[in-house]
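Here's the structure, in structure tokens; my notes come after.
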Amino acid sequence: MNINTSNNHDTGEQDQKGVSKKRYMPLLLINYTCLFLGSVSSSLLSKYYFNHKGSNKWVSTWVQSAGFPFLLLPVFLPYYLFRCTQRKPFTRFTPRILSLSIFIGLMLGLNNLLFSWGNSYLPVSTSALLLSSQLVFNLILSAIMVKQKITFTNLNCVILLTLSSILLALGSNHDKPQDLTPTKYMIGFVATIGAGLLFALYLPIMEMIYKKVYCYAMMIEMQLVMELSATILASVGMVWDGGFTEMRKESKEVFDKGEGVYWVTMITNVVTWQLCFMGTAGTVFLTCSLTGGICMTALLGLNVLGGVLVYREDFGGVKIVSTVMCGWGFCSYVYGMYVNNHMMKLLDDHKQNINPSIEMAQPQPQPHSDLHLGLGV
């Protein structure tokens, strides 16, 4: 199918998201579901690995992106097997997009390593609450990079989440495992904050790049390249640190739940991480980077509860207050978004009522058939 390039630039973001609500909303719900299942499950499984004497940070980093072969299915099957699309895989995948995908993939690989370091030393609940600071970074970077408007509700959210993280840092000494030194605890704390900052940078960068991406299928192809790049980085670290040999030894001699459970944990973790990253990428593509950050922050609250329920982690007074402040900031932001969207809708309705003929005279963007089943045609 021939697509007019100038029309693609004219229609912009509406074109990317396909205009058609019949296709847009189900696709968005699918991505939300992937993000929900992937985020909560991967966090708990990563902690399960470390709780049962798994200790290799590169192994934990590697499994976060090693599921990239699963993305080959939605990339190639629709065209070569199901014949439900006329778009060949990697159509319009320019060298510039390839280079950007590789760069972002390497950045994602570094983020995965920082997350593994933090998750290996900190309880799930503490790690999740610290990662909530990524919304603060995301808001600031979105304002700088994609001109996100900062409002009172945004600023209120930033202040509350920042105070929440500081309070948690000052009152979390009792969370340390008995065999964990203060130095390693601080490394985990700093690594987790670094992971949040890097992920917050990743989101607005992806929003900027996605403005040049004209269909959902192309976004999946970019994600495939990014995950491959992150896996190569992690594999280099694994080879340097003897990680592949360590995996075999760890499964047989170290992991206290047995070799079978070890490999089930690894495979399941690979799948859940892939769900998490695909859900995040899809949410940013279909909405914006700030919405992706908001969703991640909301899910971190579930990670906190998951750590308390599954691993019986402490949830004392300081952590309760920190969680309340985090929830308060998040809710204020969501309310501000609701008010803003409501006002924009009223303004649009008012403009249409004043002069509907002007609206009718404007050329209407054609719905993009590239979002057929979310795969592109």
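The values are calculated or read from the model by the stated rules, or taken from the named source; none is laboratory data. Predicted, not measured: the structure shown is a model, and the values here were computed from it. Neighbour counts are summed over all protein chains in view; Cβ atoms, including those assigned to glycine, are modelled from backbone coordinates with ideal geometry. Calculation scope for accessible area: heavy atoms of the full protein, side chains included, ligands and nucleic acids excluded. Shrake-Rupley method; radii C 1.70, N 1.55, O 1.52, S 1.80 Å.
Within the range 324-336, track down each residue that is within 16 Å of N138 (Cβ to Cβ) and either small (G, A, S) or open to solvent by 60 Å² or more (accessible area, probe 1.4 Å) (or both).
Going residue by residue through the range 324-336, those that are within 16 Å of N138 (Cβ to Cβ) are 326, 329-330, 332-334, 336.
Result: G329, S332, V334, G336.
Within the range 88-146, being assigned to a helix (DSSP H, G or I), open to solvent by 40 Å² or more (accessible area, probe 1.4 Å) and in contact with a helix residue (DSSP H, G or I) (Cβ under 6 Å, 6 or more places away or on another chain) holds for L100, I102, L106, L114, W117, F137, M145.
Looking across the range 227-260 at every residue that is of a type in the set (V, I, T) and open to solvent by less than 60 Å² (accessible area, probe 1.4 Å), the one that is nearest to N56 (Cα to Cα) is identified as V254.
For T85, the stated conditions hold: it is over 24 Å from N119 (Cβ atoms) and surrounded by 20 or more Cβ atoms within 10 Å (Cβ to Cβ). Checked against (1) touching a helix residue (DSSP H, G or I) at 6+ places or on another chain (Cβ under 7 Å); (2) over 22 Å from F36 (Cβ atoms); (3) at pLDDT 90 or above, T265 passes all but a single condition, namely (2).
Considering only the range 250-269, I want to know if a residue exists there that is more than 30 Å from M296 (Cβ to Cβ) and in contact with a His (Cβ under 8 Å, 6 or more places away or on another chain).
Within the range 250-269, the first condition is being more than 30 Å from M296 (Cβ to Cβ), and the residues that meet it are 251-254, 256, 258-260.
Still in the running and in contact with a His (Cβ under 8 Å, 6 or more places away or on another chain): 256.
Yes, because at least one residue in the range 250-269 is more than 30 Å from M296 (Cβ to Cβ) and in contact with a His (Cβ under 8 Å, 6 or more places away or on another chain).
The condition of being modelled with pLDDT of 80 or more, open to solvent by 60 Å² or more (accessible area, probe 1.4 Å) and assigned to a helix (DSSP H, G or I) holds for only one of I205, I166, I159, I187, that being I187. Taken over the range 318-338, residues that are farther than 18 Å from L131 by Cα, in contact (Cβ under 8 Å) with a residue 12 or more places away in the chain and not hydrophobic (A, V, I, L, M, F, W, C) amount to 3.
Report the residue count in the range 303-323 for those that are part of a helix (DSSP H, G or I) and open to solvent by 20 Å² or more (accessible area, probe 1.4 Å). Before you say what the answer is, go through the steps one by one.
From the range 303-323, those part of a helix (DSSP H, G or I) are 303-311, 317-323; that's our starting set.
Then keep just the ones that are open to solvent by 20 Å² or more (accessible area, probe 1.4 Å); that gives 305, 308-311, 317-318, 320-321, 323.
Of the residues in that region, 10 qualify.
State which residue is farthest from G243 (Cα to Cα) when the search covers only the range 43-88 and only residues that are modelled with pLDDT under 90 and polar (S, T, N, Q). For the range 43-88, the residue satisfying everything is Q86. In this structure, R96 does not qualify as charged (D, E, K, R) and in contact (Cβ under 8 Å) with a residue 40 or more places away in the chain. With respect to the conditions (1) open to solvent by 10 Å² or more (accessible area, probe 1.4 Å); (2) in a loop (DSSP other than H, G, I, E, B), L198 lacks only one, and its number is (2).
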